[in-house]
1. Residue A:281: net charge of surrounding residues, Cβ under 15 Å, Lys/Arg +1, Asp/Glu -1, itself excluded?
2. With a cut-off of 8 Å between alpha carbons and a minimum separation of six or more residues, what is the relative contact order of segment B:3-138 in percent?
3. Which of the residues in segment B:62-84 lose at least 40 Å² of accessible area when you go from the chain alone to all protein chains together (probe 1.4 Å)?
4. Using only the alpha-carbon atoms, how far is helix B:57-74 inclined from the longest principal axis of chain B? Give it as 0 to 90 degrees, nearest 10.
5. Could you tell me which of the pairs A:266/A:303; B:114/B:281; A:173/A:303 are separated by over 28 angstrom between their Cα atoms in the structure shown?
6. Ignoring ligands, DNA and RNA, what accessible area per residue does segment A:60-182 give at 1.4 Å, in Å²?
7. Provide the solvent-accessible area of residue B:281, counting protein heavy atoms only and rolling a 1.4 Å probe, rounded to the nearest 10 Å².
8. Taking a probe of 1.4 Å and counting only protein heavy atoms, give the total accessible area buried between chains A and B in Å², rounded to the nearest 100.
Protein chains: 2
Amino acid sequence: MGDEFSRIARYLAPLAGPEGLGLTDDAALFTPPAGQQLVFTTDQMLEGVHFIPGDPPSLIARKLLRRNLSDLAAMGATPLGYLLTTALPSGTDESWLAAFANGLAQDQTEFGIKLFGGDSSSSLSHISLSATLIGYVTLGGALRRNGAKAGDDIWVTGTIGDAALGLLARYGKLQDYSGFLANRSLLPMPRMGLKLADIAHAAIDISDGLVQDLGHICEASHLAGHLHAMLVPTSPEAAMFGDAMLETRLTGGDDYELLLAVPPDKSEALRLACGDLPVTKIGKFTNGQAGVTTLDQHGQEIKFLKSGWQHF
Amino acid sequence: MGDEFSRIARYLAPLAGPEGLGLTDDAALFTPPAGQQLVFTTDQMLEGVHFIPGDPPSLIARKLLRRNLSDLAAMGATPLGYLLTTALPSGTDESWLAAFANGLAQDQTEFGIKLFGGDSSSSLSHISLSATLIGYVTLGGALRRNGAKAGDDIWVTGTIGDAALGLLARYGKLQDYSGFLANRSLLPMPRMGLKLADIAHAAIDISDGLVQDLGHICEASHLAGHLHAMLVPTSPEAAMFGDAMLETRLTGGDDYELLLAVPPDKSEALRLACGDLPVTKIGKFTNGQAGVTTLDQHGQEIKFLKSGWQHF
C-alpha cells in the first residue's frame, strides 16, 4: 500500500473496513474469526485477456470480485474482505476511477465484504487488476475437488454456456436480442451461501469450462466422469442456437456455476439446499481412468477439439 | 487459481505449503495462529515500471517478495506465506519460469514463508506480477504510522539513498564500480524480526523515499518532522557522489529501510533491538503543521523539487 495508492485511494478509502486502517498504513490488520479456517483466493482481470477494452468499469470491478467470490463459493466459504491491486495507464480519467469504485461498492454491499487494502500503480499500456479474497469456513468444513466418490452423481447449478455465447455476442459473432447472454458474460452470479458441506463430496466453480472443470474433479478424485451432454441445463437464449453451439456451451468458460459430486441419497437434500436456484443432474462418477467422457443422447462419445479456456 | 496456473504450477507446486492444497483447488485453506492478529499486504512489480526489461527473473521474484515483506516488517509482523499472481507474455520460455521459481524458493527459505496459492495468465505485452503476503502480530502489537508523539526522535535503519543511485547506475547514468548500489536496488533487504513493539511509537518502511515516507508518519500522527540532512546515514559508495546527489538520496525510493518514531528514553533499547544493524537518529517530531522540514548543517531549510516516487 504505497503512496501511489493516493489518487485511487480517494475513491477507495470510503470502501475500506476497519481492517484497512483508512488505507494509510503499510498493511491491513485483521482479527480472524475464532475457531474458523480462513480461505484465500486470488484472481486477475487483464484488459484484452479477461475483459474487452472499453467494457464498463463498474462491471469490470464487479466481475473481478465475483470471479474470486465464486472460488470461495466452491469451497463453501463465507467471504469477509479483499485486497486489490490496480495498474492503470497514466491517462486514466477520474470518471473511470469513480465508476470502477462504484462497482466495487455495489458488490461489497451485495456480498457483505469490505476492502482491506491494496496497491496501485501506473501501467505502461493495458489495465491490469487483481484481487485477493479472504473468507472463512468452519474447521474441516471446506469443500474440495478431491472428495468425489465412485457412484456420486454429477450436478450443476444454473445454466451452462451462456457466458461463452455472450462473449461471442459481444464480439458481434451471434445475435443476443435480449442481452441476456452478454450480461451473463459481463456480470456472472457467484453461487454463494449454499450449505453443501454435508451434501456434496466435492465441488468446483465452472470458470474454465464445464468439461475442463469436471476434469479437474476427476483428476483430483481419481475417477472417471460420464457427462450426458443432453442433460446439461441450457437457458432458452442459449438453446436457440441448437447443437451448433454445443461444443462452445460445454467447453466455454466464465459461467461461475457450481459443479458438484453428490451421492444419490443426497439428491433431495441438494435440491432443498439450492432453494430457488435450479440444480440439475448431468452425469455420474465411476471408477476408471481419471478423465471426462461426454456422451450424446445415443450414449455415443462426443469428442471436442478443445476442453476449455487455456490462458497459456 | 484457475487451470491457466498449470504451466507455471509445475514450477510453483514444489513451493506450496499444505495451505496451498497442491495448488490444485479453488482456494487456499489456512488455519490462523490462535490469539494473533493477521497482517495482509499486497504489492505489484510491473515490467518497465518496477523493474527493467531483462532483469534477472530470480531477482524480480525475490524483490517482489521483499517489497511485501518490508511492509510486514514495518508493522512488526512475522511473515507466514503468500499468494502470487503472474501475467506473462505467451512467449515466455521455461528458463525464465525456472529462474523465477528458483528466486521464490530462495527467499521462501530465507524468510520462512510458503506459497499458499495464486493465479496465472498470459499477458498481451509486459510481465506483471503481484503478491499478497500474510503475516501475524500479537493482538494490539502492530506498529502503525499514526503513533508518533511530539518529542520522539526520528530514527532510520541502514543507509539511505543507495537504491535510487543504484537505479541510476543500472541506467548507465552514474558509475557503480563495486555493484553495491545496483545490488541495493535489485535485491533490497527487508528489516524483519526487530522487536520494536515496546520501543517505537510509529514505523514505516522507506519505499517511496525518506522525505515522503517521513511525511506519511507526520500526516498520520499530526506532527511536524524535522529532518537533518547531514545526519542521514549514507553508504561510502553513495557518499562518493557528495551533495550533488543529496536530493536523489533523500527523495529516492526503494531502500526498504525502516523509519521509526522513538521516544528519547528508548534510544539505547532501540540500538540493542537492532543488534548489528546500524540505526541512526536523524531528526525530531514536534507539534506543528503536519509535514516535513529538511534542514542543512546551518539549520537552513532545504527545498526539494520532488518528495519521492509517485507512480501516478
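The values are calculated or read from the model by the stated rules, or taken from the named source; none is laboratory data. Being a predicted model, the structure only gives us computed values, none of them experimental. Note: ideal-geometry Cβ built from the backbone for every residue, glycine included; neighbour counts use all protein chains shown. Side chains are part of the model used for accessible areas, which takes the heavy atoms of the whole protein and leaves out ligands, DNA and RNA. Shrake-Rupley method; radii C 1.70, N 1.55, O 1.52, S 1.80 Å.
1. Neighbourhood net charge equals -2.
2. Working: 243 pairs, mean separation 56.6, N = 136.
So the answer I get is 42 percent.
3. With the partner chains in place, segment B:62-84 has these residues losing at least 40 Å²: B:75, B:83.
4. 50
5. On the way: A:266/A:303 31 Å; B:114/B:281 35 Å; A:173/A:303 24 Å.
Violating the 28 Å limit, Cα to Cα: A:266/A:303; B:114/B:281.
6. The answer is 30 Å² per residue.
7. Counting only protein heavy atoms, residue B:281 exposes about 90 Å² to solvent.
8. Values: alone 14100 and 14100 Å², together 22560 Å².
It comes to approximately 5600 Å² buried between A and B.
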